[in-house]
1. Could you give every pair whose Cβ atoms fall below 7 Å, whose first residue belongs to region 164-178 and is surrounded by 20 or more Cβ atoms within 10 Å (Cβ to Cβ), and whose second residue is assigned to a helix (DSSP H, G or I) and among the aromatic types (Phe, Trp, Tyr), counting only separations of at least 6 or pairs across chains?
2. Of the conditions (1) surrounded by 15 or more Cβ atoms within 10 Å (Cβ to Cβ); (2) in contact with a Phe, Trp or Tyr (Cβ under 6 Å, 6 or more places away or on another chain); (3) assigned to a helix (DSSP H, G or I), Met250 satisfies every one except a single condition; which number is it?
3. State whether the residues of region 288-308 include one that is touching a residue at least 60 places away in the same chain (Cβ under 8 Å), out of contact with any Lys or Arg (no Cβ under 8 Å at 6 or more places or on another chain) and surrounded by fewer than 11 Cβ atoms within 10 Å (Cβ to Cβ).
4. Take Tyr85 and decide whether it is touching a helix residue (DSSP H, G or I) at 6+ places or on another chain (Cβ under 8 Å), under 30 Å from Glu329 (Cβ atoms) and aromatic (Phe, Trp, Tyr).
5. So which residues in region 207-239 are in contact (Cβ under 8 Å) with a residue 40 or more places away in the chain, assigned to a helix (DSSP H, G or I), more than 16 Å from His82 (Cβ to Cβ) and not basic (Lys, Arg), if there are any at all?
6. Looking at (1) over 24 Å from Thr259 (Cβ atoms); (2) touching a Phe, Trp or Tyr at 6+ places or on another chain (Cβ under 6 Å), which is the only condition Pro20 fails?
7. Do the conditions hold for Ser109, that is, is it of a type in the set (S, T, N, Q) and in contact with a Gly (Cβ under 7 Å, 6 or more places away or on another chain)?
8. Filtering region 120-144 down to residues that are in contact (Cβ under 8 Å) with a residue 24 or more places away in the chain and over 17 Å from Asn162 (Cβ atoms), which residue is surrounded by the fewest Cβ atoms within 10 Å (Cβ to Cβ)?
Amino acid sequence: MAVAARHPRPRTSWRQVFTPGSSVTESWLWQLAKSHVLAHDTGYHQLVSHWLRTHGCVEPYIIAANRQLSRMHPVYQLLHPHFRYTMEINAQARQMLIDAGGIIESTFSPGRYCMELSSVVYDKFWRFVMEALPEDLIRRGMAIRREDGKLGLAIEDYPYANDGLMVWDAIKQWASDYVKCYYSCAEDIIDDQELQGWWTEVRTKGHEDKKDEPWWPVLDSHESLVQVLAAIMWVTSAHHAAVNFGQYPMAGYIPNRPTTTRKNMPPEMGGPDSKEMRAFLEEPERVLLDTFPSQYQSVVVMLVLNLLSSHSPDEEYMGTYQELVWSKEEKIKEAFDRLKSKMIDIAAQIDMMGMGIPYSISI
């Protein structure tokens, strides 16, 4: 639970820490401060957690797969279901959502700097090796790697991590079983020209700005290939589902997740006798409403989030789609059946853990 909120400003700018307080004025200032923090967090969610990680950075995998892998290649067949509609969705987003002056820039913080922010975050923080759930949790201080190699959560009651790690383990086991069926030894992986060509293009063309980074995995073993495939499948399935499909239930009510703020904090705009501060003291609720997105902005955001949160009529869920060739390979069929059974069990466990919780979105 947040206990204080502060605007991140240069040292020469106005700064003030806000806490819940006990007086009416302190309580209203706390509500306003939370609105500003939430607006920044909502912008980060949309531009980084959603667009950058699960859409923009996924494109190189898809383009390279279509250029370097034949449709009969086992890695293409494994990843293809996870790439479904991504390029079409991204093309539409560039025309209607993230274009200059478009919906995102006009309704989300930080306005016309939205895509610049996304690009800067990619440049400063994106690392392929951090796309796997365990490494992502460790980077964010939500988990530690114990001496026995197992993961320990910093917060035990963290539904995203608890549920996600079950799904991650199932994905990684499926990738491991799959890879072992097609590659009997490390040399088979190293000598696969299509596979190596795909991964080289991902690194040197798709993510050319980062082609010389030392953290890129080398596909020279079962372990490295499994980790790469599992990370891609995780981001394009469970991670995307977590950051996308709950958007309307969580943020469709604008005061719960305002996407931008139209006014600065009253103390920032002047002293206790300033016009802005007097207006706040007289009608704090009006100032809060005027800080939220406008009615027009709110309606647009609600429509967009409702659309993004909707499942396609022909949605395919993990463990339900099976390539025809898998049914003809006994070992692959058995591995897929294990994945299917595991996903059914995980869904049942998540439903059971969610029973009695008075809200549908777990943080």
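Taken together, the values in this text are just the output of simple stated rules run on the coordinates, not laboratory data. Fair warning: this is a prediction, and the values are worked out from it, not measured in the lab. Neighbour counts run over all protein chains shown; Cβ positions are idealised from the backbone, glycine included.
1. Taking only residues 6 or more apart or on different chains, the pairs are Trp168/Trp234; Ile171/Trp234.
2. The single condition Met250 does not satisfy is (2).
3. no
4. Values: touching a helix residue (DSSP H, G or I) at 6+ places or on another chain (Cβ under 8 Å): no; under 30 Å from Glu329 (Cβ atoms): yes; aromatic (Phe, Trp, Tyr): yes.
Considered against the rule, which asks whether it is touching a helix residue (DSSP H, G or I) at 6+ places or on another chain (Cβ under 8 Å), under 30 Å from Glu329 (Cβ atoms) and aromatic (Phe, Trp, Tyr), Tyr85 comes out as no.
5. Asp209, His222
6. Here Pro20 meets the rest and fails (1).
7. Numbers: of a type in the set (S, T, N, Q): yes; in contact with a Gly (Cβ under 7 Å, 6 or more places away or on another chain): yes.
When the stated conditions are applied, Ser109 passes them.
8. At the first step, the residues of region 120-144 found to be in contact (Cβ under 8 Å) with a residue 24 or more places away in the chain are 121-123, 126-129, 131-134, 137.
Next, only the ones that are over 17 Å from Asn162 (Cβ atoms) stay: 121-123, 126-129, 131.
Values: Val121: 16, Tyr122: 17, Asp123: 10, Trp126: 18, Arg127: 13, Phe128: 22, Val129: 15, Glu131: 20.
Among those residues, the one meeting the criterion is Asp123.
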